[in-house]
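Below is one structure, written out as structure tokens; comments come after it.
The values are calculated or read from the model by the stated rules, or taken from the named source; none is laboratory data. As the structure is a computational prediction, the values presented were derived from the model and not from experiment. Counting neighbours? That spans all protein chains shown, and the Cβs are built from the backbone with ideal geometry, glycine included.
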Amino acid sequence: MPTTPIREYRVILTLWLLIFSASSQIMIIAPILPMIRDQLAMPEHLMGLLVTSYAVMVGVVALLAGPVSDRVGRRRVMLLGTLCMAMALWGHAFVQNYHQLFVARALAGVAGGILSGSVVSYVGDVFPPSRRGWANGWVMSGAATGQILGIPIGTLLAESIGFRTPFLMFAIFMTLTWVMVVRYLPQPGVTRNADRLSLAGMVRTYAQILSDRGIRSAVAAFFLMFVSIGVYVTYFPTWLTDRFAVDGAFVASLFVVGGVANVLTGPRMGRLSDQIGRRKLVITSTLGTGMLILVTTVLIRQSWMAYPLFFAIMMLVAMRISPFQSLLSELVGDARRGTLMSLTAALGQAGLGTGGAIAGLTYASAGFQGNTLVGALAVFGTGYLVWRFVPETLIPDP
């Protein structure tokens, strides 16, 4: 555990760069999908499956990586995961057709599965509950910075050079992340799971965790939250392109606006959750997000109207991300934290993949208005489960 402010901030910076690199290489798919479609002559109904290929592999591998991290330590898992992710992203340089890109995304998903849950678990290992929301808020702002810088730059590079270019840019950042993990992340001094690693043992551990109704509801809520993201975000840039003939620069600037909203909101909401509790913020966010998603096609009558709407949606999303993750990390003890966080990450990616697959079918049959309806219902479901069944984990200071 870090014992000085300098070491503490090095930990946060390393985890921040990991989140920046890992989340950016996921998010870049949505804004460059129209370019991938054109450059690879890809059928429109297959576009969402690029999200699905990544998400499925993350989900499968994460279920194994979580118990392993509880047994061998979080640091070793992050070393392996960052190295594998860097190699997978470098491999995107050799993609020549849709099927090869599908495989490349699946290989990146394997690396993502190794990393899934490790960052939030590491924060839970080294920061006390009274500062966990604050730490998660700053670490997760790496994803927002990806929206502000990584995604716009990557989108412009994809438009001017080719869709492979942003993946190679993120490969450089992930390689640097691996170096920083080597130098700056100590192994947390927490209780490890002493059980012998075996498939049967993993199944028993998951069964024991899921025997708790609050945990079952929390992971189900996490799944629905990512279904909503997959359904809504995957085809939002495509809808704007088809409806208003916007270009890559517009899509890039839209992600900048969303990232700014996230940076302004995320760390503050994480800190606020340390003071007033996690559930209030999660429930409020889901209600607001669901309503805005539902009325997207009604409110956006000209392309510029997408900016304030996306800004508001990303503020609400940032309101729940770090509180929700902090809440999840506090539902179990140290020896099972990695297992639970990887389980939620696996189900979250399964939700993202499910949402991406549904999004393609819905967009082709009902247009983006159908996507907004399904996405809003999934967000409302998230809020209901948290409100009805998930307990508050943090006792706020008097």
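The lone criterion from (1) modelled with pLDDT under 90; (2) outside any helix (DSSP H, G or I); (3) more than 17 Å from I32 (Cα to Cα) left unmet by M269 is number (2). Among the residues making up the stretch 79-113, those that are under 18 Å from T177 (Cα atoms), among the small types (G, A, S) and under 20 Å from the mean Cα position of the chain (by Cα) are G81, A86, A88, A108, G109, A111, G112, G113.
Here is a list: M140, M225, M174, M180. Which entry is within 19 Å of G117 (Cα to Cα), surrounded by fewer than 20 Cβ atoms within 10 Å (Cβ to Cβ), in contact with a helix residue (DSSP H, G or I) (Cβ under 8 Å, 6 or more places away or on another chain) and not basic (K, R)? It is M180.
Residues in the stretch 244-259 that are in a helix (DSSP H, G or I) and touching a helix residue (DSSP H, G or I) at 6+ places or on another chain (Cβ under 6 Å): F244, G248, V251, A252, L254, F255, V256, V257, G258, G259.
Tallying residues that are of a type in the set (V, I, T) and out of contact with any helix residue (DSSP H, G or I) (no Cβ under 8 Å at 6 or more places or on another chain) within the stretch 68-102 yields 1. Only one of these conditions is not met by G162: (1) over 18 Å from the mean Cα position of the chain (by Cα); (2) part of a helix (DSSP H, G or I). Which number is it? The single condition G162 does not satisfy is (2). The stretch 286-398 holds helices (runs of 4 or more DSSP H) entirely within its bounds, and those carrying 3 or more residues that are touching a residue at least 60 places away in the same chain (Cβ under 8 Å) and within 30 Å of D70 (Cα to Cα) map to 306-329, 334-366, 368-389.
For every residue, the table says whether it meets (1) crowded, with 21+ Cβ neighbours inside 10 Å; (2) of a type in the set (V, I, T); (3) within 22 Å of the chain's Cα centre (by Cα).
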{"position": "D247", "(1), (2), (3)": "no, no, no"}
{"position": "G259", "(1), (2), (3)": "yes, no, yes"}
{"position": "L264", "(1), (2), (3)": "no, no, yes"}
{"position": "P267", "(1), (2), (3)": "yes, no, yes"}
{"position": "I283", "(1), (2), (3)": "no, yes, yes"}
{"position": "L294", "(1), (2), (3)": "no, no, yes"}
{"position": "W304", "(1), (2), (3)": "no, no, no"}
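Quick check on the stretch 171-193. Is at least one of its residues in contact (Cβ under 8 Å) with a residue 40 or more places away in the chain, within 17 Å of the chain's Cα centre (by Cα), assigned to a helix (DSSP H, G or I) and within 21 Å of P31 (Cα to Cα)? Yes - at least one qualifying residue is present in the stretch 171-193.
Once the stretch 68-110 is narrowed to residues that are in contact with a Leu (Cβ under 7 Å, 6 or more places away or on another chain) and over 19 Å from M27 (Cα atoms), the residue that is surrounded by the fewest Cβ atoms within 10 Å (Cβ to Cβ) is N97. Of the residues in the stretch 235-243, not one is assigned to a helix (DSSP H, G or I), without any contact (Cβ under 8 Å) to a residue 40 or more places away in the chain and more than 30 Å from T155 (Cβ to Cβ). Just so you know, in the stretch 154-171 the residues that are at pLDDT 85 or above and hydrophobic (A, V, I, L, M, F, W, C) include one that is nearest to S326 (Cα to Cα), and it is F170.
One line per residue, one yes/no per condition, for (1) modelled with pLDDT of 85 or more; (2) more than 25 Å from G109 (Cα to Cα):
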| site | (1), (2) |
| --- | --- |
| R243 | yes, yes |
| G248 | no, yes |
| L254 | no, yes |
| I276 | yes, yes |
| I283 | yes, yes |
| R301 | yes, yes |
| G333 | no, yes |
| A346 | no, no |
| L361 | yes, no |
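Condition check for Q39 on (1) modelled with pLDDT under 80; (2) of a type in the set (S, T, N, Q); (3) surrounded by fewer than 17 Cβ atoms within 10 Å (Cβ to Cβ): one failure, at (1). Residues that are assigned to a helix (DSSP H, G or I) and modelled with pLDDT under 80 were ranked within the stretch 1-28; the one that is nearest to W138 (Cα to Cα) is Y9.
Can you name every residue in the stretch 64-79 that is assigned to a helix (DSSP H, G or I) and out of contact with any Asp or Glu (no Cβ under 9 Å at 6 or more places or on another chain)?
Result: L64, A65, G66, V68, S69, V72, R75, R76, V77, M78, L79.
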